[in-house]
Amino acid sequence: MQTVTTIAEIRSLVAAWRAAGRRVAFVPTMGNLHAGHIHLVTEARQRADRVVASIFVNPLQFGVNEDFSAYPRTLAADQEKLAAAGCDLLFAPTEQEMYPLGRDGLSYVEVPGLSDILCGAWRPGHFRGVATVVSKLFHIVQPDVALFGEKDYQQLLVIRLMVRDLDMPVEIIGVPTVRETDGLAMSSRNGYLAAGERQLATEIHATLQALAAEVRNGAHDYPALEAAAMRHLEQAGFRPDYVSVRRAEDLAVPQGGERRLVVLAAARLGATRLIDNLLIDIS
Ligand code: PAF
């Protein structure tokens, strides 16, 4: 696997593949890779002739008091994992390469509405930062298909909307969440958890499973179910930001009769903010 750090290099390598008729898949990441990322690369391999990954810890999507500086940078280990998974090319730009004029006064990509609810309400500007960097990466790499984990379900929908509204010629694939054996969704931030917190963290998945079971069994009073799930997480030691039952296609509040729903939660355990979700098909 080759690693390049400049926009000029990645553009010329991908352009040569495309000129030769190769289909290119893209897996954008912020590095500190775990089995969930590697699963995205494996899925990408099956959908294209060439797989490109990127590693860039994007400052635009971190709030002022968030973990941008502390975010683990593990390039050498990540390169090994990507190469073993069959990735062909890694784009690992510096901040200077991505934002040569600095972070202020930049043009942004904004996906209104969807970016302002749930995680967006708790992390103002986060999805604008994500949409902006993903849009830049799509213009730089020019993939045919790009893969994103469903663990970041709201992010996946924001990117789908951006691609639709701005006519970006990229197919977006959502890949189901990869979990630890005890149910905890894989996340780079799990590494922040102290041993006791790591054990407790499984409760977020368990709470969503219990909530999803009630919804599947026909319970309709979603606000009451959400409040009970929040109380449960609080009693377990979390500080929940939200637990919510939403329409899967657009995260709108269900009006009744929906067949595809998603239950989502974000909660803090110590200094670590965890998110998770479960999709529900009601047949
Ligand atoms: O999901 C992530 O790791 C990031 O939000 C992404 C999509 C790579 C954009 O920085």
Quiz item: Residue check: is V4 free of Cβ contacts under 8 Å to residues at least 40 places away in the same chain, in contact with a strand residue (DSSP E or B) (Cβ under 8 Å, 6 or more places away or on another chain) and more than 10 Å from the ligand (Cβ to nearest atom)?
Solution: no
Exercise. Tell me, yes or no, whether region 57-71 has at least one residue that is more than 16 Å from I38 (Cβ to Cβ), open to solvent by 50 Å² or more (accessible area, probe 1.4 Å), within 16 Å of the ligand (Cβ to nearest atom) and aliphatic (A, V, I, L, M).
Key: yes
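Conditions (1) closer than 26 Å to L40 by Cβ; (2) of a type in the set (V, I, T), marked per residue:
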site	(1), (2)
R160	yes, no
P169	yes, no
V178	yes, yes
D182	yes, no
L208	yes, no
P223	no, no
R231	no, no
D241	yes, no
V245	no, yes
Quiz item: Could you say which residue among A121, A185, A201, A131 is more than 30 Å from Q235 (Cα to Cα) and aliphatic (A, V, I, L, M)?
Solution: A131
Quiz item: Of (1) open to solvent by less than 50 Å² (accessible area, probe 1.4 Å); (2) in contact with a strand residue (DSSP E or B) (Cβ under 7 Å, 6 or more places away or on another chain); (3) away from the ligand (no atom under 11 Å from the Cβ), S54 satisfies all except one. Which?
Solution: (3)
Quiz item: Can you name the number of the only condition in (1) within 16 Å of the ligand (Cβ to nearest atom); (2) open to solvent by 50 Å² or more (accessible area, probe 1.4 Å); (3) not charged (D, E, K, R) that H37 fails?
Solution: (2)
Quiz item: Could you count how many residues in region 129-156 are under 10 Å from the mean Cα position of the chain (by Cα) and assigned to a helix (DSSP H, G or I)?
Solution: 8
Quiz item: So P93 fits all but one of (1) within 15 Å of the ligand (Cβ to nearest atom); (2) within 28 Å of L208 (Cβ to Cβ); what number is the exception?
Solution: (2)
Quiz item: Within region 235-256, can one find any residue that is open to solvent by 30 Å² or more (accessible area, probe 1.4 Å) and in a helix (DSSP H, G or I)?
Solution: yes
Quiz item: Of R179, R160, R189, which residue is within 12 Å of the ligand (Cβ to nearest atom), under 15 Å from the mean Cα position of the chain (by Cα) and touching a residue at least 12 places away in the same chain (Cβ under 8 Å)?
Solution: R189
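The values are calculated or read from the model by the stated rules, or taken from the named source; none is laboratory data. Note that the coordinates shown come from a computational prediction; the quantities given were computed from them, not determined experimentally. Every residue, glycine as well, gets a Cβ built from its backbone with ideal geometry; the counts of neighbours run over all protein chains shown. Remember, those area values only see protein heavy atoms, side chains included, never the ligands or the DNA or RNA. Shrake-Rupley method; radii C 1.70, N 1.55, O 1.52, S 1.80 Å.
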